[in-house]
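Here is the structure we will look at, set down as structure tokens.
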Amino acid sequence: MTRYLVGNVSEFEDGQKKIIAVGGKSVGIYEIGGQLHAIRNLCPHQGAELCRGVTAAWVDSSGPGDFRFEREGEIVRCPWHQWEFDIRTGCMVVDPATRTMTYGVTVERYDVTVEEEQVFVHM
Ligand code: FES
């Protein structure tokens, strides 16, 4: 597994995303609730840049007329045909067997003269 430096922690603001070319692939890195998540910027439907889509909430329901918005900002909606994917898992909301690739993200800190923590993606 190769690790790629993708930036400093301060570049990943609360709830923000950053789209970066990593190892020849386009990857979206999202900050969600203090954790960083990386997913391939490629929709498995027809190849749109998935991470250019808006983020939304998970909508749960117990039946007609009832709905609740949960996990705000954890779902990305493809800009072409609106398929939705869970950023944490890469799985499509309505068909979890359909997914886009996810990658591990770590924050590494160097203790000698630490100026800033740096973020790595592992592919
Ligand atoms: S290309 Fe993403 S939903 Fe069609």
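We did not get these values from a lab; they are worked out from the coordinates using the rules stated. Just so you know, these numbers come straight off a predicted model, no measurement behind them. Neighbour counts run over all protein chains shown; Cβ positions are idealised from the backbone, glycine included.
Here are a few things to note about the model shown:
- Karplus (6.51, -1.76, 1.60) ³J(HN,Hα), θ = phi - 60°, over segment 58-64, in Hz, Gly and Pro reported as x: 6, 9, 10, 8, 9, x, x
- Panel order for His81, His122, by other beta carbons found within 10 Å of each beta carbon, from fewest to most: His81, His122.
- Separation of the Ala57 and Arg88 label points, Cα + 7 Å toward Cβ, nm: 1.6 nm
- Share of pairwise Cα-Cα distances greater than 17 Å in the chain is 57 percent (whole percent).
- Overall form of segment 1-45 per C-alpha gyration tensor (a/c, 1.5; a/b vs b/c): oblate
- Listed from fewest to most Cβ neighbours within 10 Å, the set Trp83, Trp58 follows the order Trp58, Trp83.
- Residue exposure sequence - Lys18, Lys25 - by fewest surrounding Cβ within 10 Å: Lys25, Lys18
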